[in-house]
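Q: I have a structure I would like to understand better, so I am pasting it below and will then ask my questions one at a time.
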Number of protein chains: 2
Amino acid sequence: MRDHTTTADPDQQQAGIPLFPSPDHAHHRCRNAALQHAARVCKSHGLRLTRLRRQTLEMIWKSHRPVKAYALLAQLSVQRKLAPPSLYRALHFLEQQGLIHRLRSTRSFIGCSHPATTPHSGQFLICIRCDTVAELPGLPITPGTQRTATSLGFAIDRATVEFLGQCQTCRTLAP
Amino acid sequence: MRDHTTTADPDQQQAGIPLFPSPDHAHHRCRNAALQHAARVCKSHGLRLTRLRRQTLEMIWKSHRPVKAYALLAQLSVQRKLAPPSLYRALHFLEQQGLIHRLRSTRSFIGCSHPATTPHSGQFLICIRCDTVAELPGLPITPGTQRTATSLGFAIDRATVEFLGQCQTCRTLAP
DNA sequence: TGGCTGATTGTTACAATATACCATAAGTGG
DNA sequence: CCACTTATGGTATATTGTAACAATCAGCCA
Ligand SMILES: [Zn+2]
Ligand SMILES: [Zn+2]
Ligand SMILES: [Zn+2]
Ligand SMILES: [Zn+2]
């Protein structure tokens, strides 16, 4: 897997949101914003952002890349011994609150890049070469899909919408 | 998990395709059609529908429900002893040819209900109560998504589009 | 304060899913 | 037949995820 991110090309933005963050952006702001948002969300829902949950979220926000559960486990275990169930519980909690997303295609987790909206299932572009992920704005359940589901009497609860392919950088480097 | 399918309600059809097949339909036709289609596809691409691949496909088409890999493994092992790698190879092959789909949300496999179109990533409604699945017609990559991807220089290769929720029957039985 | 209660985490053990790797067999074209 | 490619067999192991129960913690009230 390569290790890079795309450059900050204006064409790669939509509504001012850089879907593929540039490698030189002030990432500590992303992380701080995510943590503050998490604290706000938990407080407003009467839930507790415990040490484990906060540290898990911090670790996920070390970068904009998806992280595997057992990689997280190893990293968190440096500070505190941690068994899989504890970590998975924290991950489930964070996902429930819409603070992170679980990528089913790659069995990994990533921080939510659009936390302003209510808890949602995101939709993602995932590069199979370099593992970079862009969370697309908007809701993954289109009106057409919703209409079809409704006509079938099917009540959609959550969505998994992931598009795998190659990002611009990878295509340029080795078409 | 409950075990039922929806009744053949005309409202639950679109363009004549019963997305949730009725329990009393002539399913042997579904299976035969799928197998014949598989033979055709393989022949036209110069690929071999070997015994293992055919039996795997047959087993998947025993019903319209998704099947787990290790359940398949157990069923196929009744006839022939089978190790995981062999089965997964067959599954990968069948998925490549667009004959089956892999449901990432539930880690299971299901026969493609729209094999007429070229090999595609499907989009699915998956009931979390009874496990029933409807493969929606149409392509999962909407023009809007394609436009966004293109503007980012991202080339989409395949999609995972799955909607989890409750089907009509389950909602009626226990709202 | 001290105890009650529900939420959270710890711990052990295991289940379920998936692949690496190498050997063997089967089809394919000379 | 051989040489070559493709497909399968088989062992072992990696990876991902959960069940079940014990221990602990945080908040609340007597
Ligand atoms: Zn950042
Ligand atoms: Zn999000
Ligand atoms: Zn059928
Ligand atoms: Zn299909």
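Computed from the coordinates by the stated procedures, all read-outs in this text should not be read as laboratory data. Keep in mind it's a predicted model, so treat the numbers as computed, not measured. Reconstructed Cβ throughout: ideal geometry from the backbone, glycine too, with neighbour counts over all protein chains shown.
Q: Relative to the present Cα-Cα distance, how much length would full extension add between A:D157 and A:A33 at 0.36 nm per residue of separation?
A: So the chain would gain 41.9 nm between A:D157 and A:A33.
Q: Which listed residue (B:P143, B:Q96, B:Q166) has the Cα farthest towards the positive end of the charge dipole for chain B, taking +1 on Lys and Arg C-beta and -1 on Asp and Glu C-beta about the Cα centre?
A: Projecting each Cα onto the dipole axis, the largest value belongs to B:Q96.
Q: While we're here: Identify unpaired cysteines across the protein assembly as shown, taking unpaired to mean no other cysteine Cβ lies under 4.7 Å from the residue's Cβ.
A: A:C30, A:C42, A:C112, A:C130, A:C170, B:C30, B:C42, B:C112, B:C130, B:C170
Q: Mind putting a number on the dipole of region B:82-175 about its Cα centre? Charges go on the C-beta only, +1 for Lys and Arg and -1 for Asp and Glu, and I need it in Debye to the nearest 20.
A: In debye, rounded to 20, region B:82-175 gives about 140.
Q: OK, next. Taking each label point as 7 Å beyond Cα in the direction of the beta carbon, state the distances from A:L173 to the same residue in the other copies, shortest first, in nm.
A: 5.0
Q: Just to confirm the filter: which trypsin sites (Lys or Arg not before Pro) across region B:22-56 are DSSP coil and have at most 15 other Cβ within 10 angstrom of their Cβ?
A: Sites meeting the loop and neighbour criteria: B:R48.
Q: Shifting gears a bit: How far is A:K43 from itself in the other copies, in nm, if each label sits 7 Å out from Cα along the Cα-Cβ line, shortest first?
A: Ordered by distance, the counterparts are at 7.0 nm.
Q: Further question: Please give the calculated 222 nm ellipticity per residue for the protein assembly as shown, where each DSSP H segment of at least 4 residues contributes -39500 (n - 2.57) and the sum is spread over every residue; nearest 500 deg cm²/dmol?
A: -12000 deg cm²/dmol
Q: A follow-up question, please. Size of the dipole of chain B about the Cα centre, Lys and Arg at +1 and Asp and Glu at -1 on the beta carbon, nothing else charged, in debye to 20?
A: Using only the charged Cβ atoms, the result is roughly 840 debye.
Q: Describe numerically, in nm with one decimal, the distance between label points set 7 Å from Cα along Cα→Cβ at A:H25 and at B:V78.
A: Here the modelled spin labels are 5.4 nm apart.
Q: Turning to a different aspect of this structure: Return the lysines within reach of A:K81: Cα separation strictly under 22 angstrom, same-chain partners fewer than 8 residues apart disregarded; answer none if there are no such residues.
A: Leaving aside lysines fewer than 8 places away in the same chain, those within reach of A:K81 are A:K62, A:K68.
Q: Starting from the Kirkwood Rh over alpha-carbon pairs, what translational D in µm² s⁻¹ does region B:10-173 have by Stokes-Einstein at 4 °C and 1.567 mPa s?
A: Taking Rh from Cα pairs, D becomes 76 µm²/s.
Q: Can I ask one more? Rounded to the nearest 5, what % of the DSSP beta bridges within region B:10-173 are antiparallel ones? Before the final figure, lay out the partial values.
A: Values: 11 of 16 bridges.
Approximately 70 percent, going by the DSSP bridge assignments.
Q: Fewest to most neighbouring Cβ within 10 Å: what's the order for B:H120, B:H101?
A: Exposure proxy ranking, most exposed first: B:H120, B:H101.
Q: Expressed as a rounded percentage, what relative contact order does region A:10-173 have, with Cα pairs under 8 Å and six or more residues apart?
A: Computed over region A:10-173, the figure is 19 percent.
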